[in-house]
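Single-structure report; data block below.
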Amino acid sequence: MACLNTLKLEIKTLEKTFTKSHERFQILNASVDELTCRFIGKNGKRYDIHANITETYPSSPPVWFAESEETSVTNAVQILSNTNGRDNHVINQVGILLRELCRLHNVPLPPDLDNLTIPFQLPPANASPVHPQNHQIEEIESDPDEIEDPVGDSEQESEGDEDLPLEMDDGRNVNKKDEMEVEHLATLERLRQSQRQDYLKGSVSGSVQATDRLMKELRDIYRSDSFKSNMYSIELVNDSIYEWNIRLKSVDPDSPLHNDLVLLKEKEGRDSILLNIMFKESYPFEPPFVRVVHPIISGGYVLVGGAICMELLTKQGWSSAYTVEAVIMQIAATLVKGKARIQFGATKGQYSLARAQQSFKSLVQIHEKNGWFTPPKEDG
């Protein structure tokens, strides 16, 4: 992510400004991957709102999601997906959100809003983008000393997290709707029409909550830079918003897995790792089930049957603020981190949904009893 230190400074400013005891707006949890905040409206009613900071930040804004379905909250959150430039920064996003929430709830603006400014001098709009290859989930509050003086606190941090040019919008953005390919617009419209017909017939599958969230996720993916740069592709199984096939086409180019993908294309004409993602009607409050379909992989935390050993894919490690794209990017990083290799010539039929579900169930039971092992930082 571009300029990690600046993001840490913004988060630190937000935490200091809106403490957990603030009368109007509170930062409950903050990391370089996600933000959880709480707005307190009239009569003390509380509204929890989540933000996921994706790989394309700050060229695109964080992805926001409110647990409440009240229009006075969802309308405020919706505005945040249409920003650009400086307003994509999380500190400005919070300012926009809070002003809109106060307006919609007819409550006074807190004076603390004046403290929300980007704590650095922005580089030119044409500055080069910088993205790390592995964007791991990192909790800020777990190590407060780490961000005490992020610009020059330690030589160790400056090696990997020094101030880097931010990728900023140059003001030439086209309408977000126009950024999607015609075929993707057609897919979204087809899904909407299908959902409408199901509703009229009384044969609705899933839940309104899950369907709305998944439609938004799919729409955001179609607009994302990672998707457009062909890092991965998406196919809806039987045109269902609840089951996706993901073809992961890009991993760390310096990894053995990348070389294996090149060889896979030469041998079999395939250039991707096929993942299957299934969502329940309880999504996003429960994680999706993700498995590898093809090719057969050893290492990389891939289990018997194709299930993937990742805590964030369990109820224990999942957050409703995680986006599908963030999960895809994390899986790509985890495969590389776990030294995944393609098993050429392996017996077909080793991977199946039933075997993957069984192995994943066993995995969860083991970790619920013994906990999760976190490898040291030097291991990635």
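Brief remarks on what is shown
- Using a cut-off of 30 Å between Cα atoms, the listed pairs Lys20/Lys339; Lys16/Lys45; Lys45/Lys315 include Lys20/Lys339 as exceeding that distance.
- Links that overshoot a 30 Å alpha carbon limit, given the list Lys8/Lys369; Lys348/Lys369; Lys280/Lys369; Lys249/Lys348: Lys8/Lys369; Lys348/Lys369
- Karplus 3J(HN,Hα) series, Hz, for segment 59-74 with 6.51 cos²θ - 1.76 cosθ + 1.60 (x for Gly, Pro): 5, 10, x, x, 9, 9, 8, 9, 6, 7, 9, 5, 4, 5, 9, 5
- Placing a label point 7 Å from the Cα of Ser194 along the Cα-to-Cβ direction, the residues of segment 213-238 whose backbone N falls under 19 Å of that point are 213-223, 233-238.
- In nm, spacing of pseudo-spin labels at Asp225 and Ser207 (7 Å Cα→C-beta vector): 3.4
- Across every pair of non-identical alpha carbons in segment 182-370, the mean reciprocal distance, once inverted, gives a Kirkwood radius of 17.5 Å.
- Counting neighbouring Cβ atoms within 10 Å and putting the fewest first, the residues Glu243, Glu10, Glu235, Glu23 line up as Glu23, Glu235, Glu243, Glu10.
- Segment Glu67..Gln343, full-extension length gain: 95.1 nm, with 0.36 nm per residue of separation and the alpha-carbon distance subtracted.
- Fewest-first ranking of Val324, Val107, using other Cβ atoms within 10 Å as the exposure measure: Val107, Val324
- Unit charges on C-beta of K, R, D, E only; dipole of segment 1-115, Debye: 340
- Summarising the label geometry, the points placed 7 Å from Cα in the beta-carbon direction at Asp112 and Ser298 lie 5.4 nm from one another.
- Ordering Val204, Val182 from the fewest to the most neighbouring beta carbons within 10 Å gives Val182, Val204.
Every read-out reported here was derived from the displayed coordinates using simple, explicitly stated rules and does not represent laboratory data. In this text, all values refer to a predicted model and were calculated from it rather than measured experimentally. Cβ coordinates were reconstructed from backbone atoms using ideal geometry, including for glycine residues, and neighbour counts include every protein chain displayed.
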